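Data first, discussion second: the structure below is written as structure tokens.
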Amino acid sequence: MSIYLQDLNARVADGVARLPPAQRERHAHFLTVQQNPDGGFSGREGESDLYYTGFGLRGLSVLDALTPELAERAVGFLRGCLTRQTSVVDFFSFLYSCALVQAASGLDVLADSPPDWPRRVADTLASFRTSDHGYNKSPGATSGSTYHTFLVGLCFELLGQTLPNPDDVLRFVQARRRDDGGYVEVAAMRRSGTNPTAAAIGLLHLLKGRNLPAAEVETTIDYLAEMPSMEGGLRANDKIPLADLLSTFTGGWTLAQLGALDRINTRQAFQYVQSLERPEGGFLGGVWDEATDVEYTFYGLGSLALLHAR
């Protein structure tokens, strides 16, 4: 599995293990019943898809509730996706899901695939590359996406390979940095965002390890430290008044990676996340939300894990 994802999964699993047993059990039950008969997971409507299946399996994994039986059911869905045309997001979700179910059950989704399947996947990922040396969600895009370039980097780690042309990718991500210390998703944007900043720092860790320039790191920390709303959670950018669970998790994880989680009021952030937790299990996406799903449940668990007992 990717070293980056191993670190993330271990950090979240360790924090989740410190939550009260009843709290863990209700979220494990919530996620378990979200698994469809075909073994996959859905969003708030529709059929199983790779994106939500990835989040369902990740949530169960950090709860230590991904049993061999649940993993074996997921294998059937994942094998049915082998011949589908997919986006970068789906490639990442598929590869990570395969790693999770193999760890939980010993079953290799790709056991019957041609021996050169990693090279074939790498070649497909290369087709998503853009002229500015980033990657986008599908072939033919005119410019790269910070988020999708980060996912491609994770895909190559999951394949056990190095991201091609790392110096070019480094220049790509550095060009997405803005004067406030944050990063943007696409080149034309001028206002930094929490989530592209998290993707950019993650990509820099993939490319350079932990050896990031201290001056750049400090301004990025300063930027993220300004993102909490009055509710305590983090906002997607400084013009949005309300926090959301995605930004709270990605911003919190990035601050934790940079050794600066104490730059936000972690008690207030923890209380914000708790306010989005439903008694039957699952999490809302924000105070404005009215429904739960497996994606936001993973973000909720991850946020509680990072913020618990700080």
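Only residues that are surrounded by fewer than 23 Cβ atoms within 10 Å (Cβ to Cβ) and β-branched (Val, Ile, Thr) were counted across segment 45-76, and they come to 2. Only a single item in (1) part of a loop (DSSP other than H, G, I, E, B); (2) surrounded by fewer than 19 Cβ atoms within 10 Å (Cβ to Cβ) is not met by Asp123, and it is number (1). Of the residues making up segment 217-235, one or more are at pLDDT 95 or above and on the phi > 0 side of the Ramachandran plot. The condition of being free of Cβ contacts under 8 Å to residues at least 40 places away in the same chain, buried (at least 24 other Cβ atoms within 10 Å of the Cβ) and assigned to a helix (DSSP H, G or I) holds for only one of Leu204, Leu224, that being Leu204. Can His133 be described as under 17 Å from Asp168 (Cβ atoms), in contact (Cβ under 8 Å) with a residue 60 or more places away in the chain and not aliphatic (A, V, I, L, M)? Criteria not met by His133. If you go through segment 88-104 one residue at a time, do you hit one that is in a loop (DSSP other than H, G, I, E, B) and either surrounded by fewer than 17 Cβ atoms within 10 Å (Cβ to Cβ) or on the phi < 0 side of the Ramachandran plot (or both)? Scanning segment 88-104, I find no residue that is in a loop (DSSP other than H, G, I, E, B) and either surrounded by fewer than 17 Cβ atoms within 10 Å (Cβ to Cβ) or on the phi < 0 side of the Ramachandran plot (or both), so the answer is no. Answer with yes or no whether Gly182 is more than 23 Å from Phe91 (Cβ to Cβ), at pLDDT 95 or above and within 19 Å of the chain's Cα centre (by Cα). So Gly182 fits the description; yes.
Residues that are of a type in the set (Gly, Ala, Ser) and part of a helix (DSSP H, G or I) within segment 48-61 comprise Gly54, Gly56, Gly59, Ser61, listed in sequence order.
Is it the case, given these coordinates, that Asp289 is over 18 Å from the mean Cα position of the chain (by Cα), of a type outside the set (Lys, Arg) and within 19 Å of Tyr52 (Cβ to Cβ)? In short, yes.
For Asp64, state whether it is under 28 Å from Pro114 (Cα atoms), touching a residue at least 12 places away in the same chain (Cβ under 8 Å) and in a loop (DSSP other than H, G, I, E, B). Judged against the criteria, Asp64 is not a match. Look at segment 281-304: where a residue is without any contact (Cβ under 8 Å) to a residue 24 or more places away in the chain and over 12 Å from Leu63 (Cβ atoms), no partner that is crowded, with 22+ Cβ neighbours inside 10 Å and of a type outside the set (A, V, I, L, M) sits 6+ places away or on another chain with Cβ atoms under 6 Å. Scanning segment 237-280 for residues that are assigned to a helix (DSSP H, G or I), surrounded by 15 or more Cβ atoms within 10 Å (Cβ to Cβ) and more than 21 Å from the chain's Cα centre (by Cα) yields a count of 2.
Any chance segment 174-181 includes a residue that's small (Gly, Ala, Ser), in contact with a Phe, Trp or Tyr (Cβ under 6 Å, 6 or more places away or on another chain) and touching a residue at least 24 places away in the same chain (Cβ under 8 Å)? Among the residues of segment 174-181, at least one is small (Gly, Ala, Ser), in contact with a Phe, Trp or Tyr (Cβ under 6 Å, 6 or more places away or on another chain) and touching a residue at least 24 places away in the same chain (Cβ under 8 Å), which makes the answer yes.
Listed by first and then second residue, the pairs linking a residue in segment 114-125 that is within 12 Å of Leu159 (Cα to Cα) to a residue that is of a type in the set (S, T, N, Q), with Cβ atoms under 9 Å apart and 6 or more places separating them unless they lie on different chains, are Pro118/Gln161; Arg119/Gln161; Arg120/Ser113; Ala122/Gln161. Being in contact with a Phe, Trp or Tyr (Cβ under 8 Å, 6 or more places away or on another chain) and within 30 Å of Val33 (Cβ to Cβ): is that true of Leu234 here? When the stated conditions are applied, Leu234 does not pass them.
The values are calculated or read from the model by the stated rules, or taken from the named source; none is laboratory data. All values derive from a computational prediction rather than experimental measurement. Methodologically, a virtual Cβ is constructed for each residue, glycine included, from the backbone with ideal geometry; neighbour enumeration extends over all protein chains shown.
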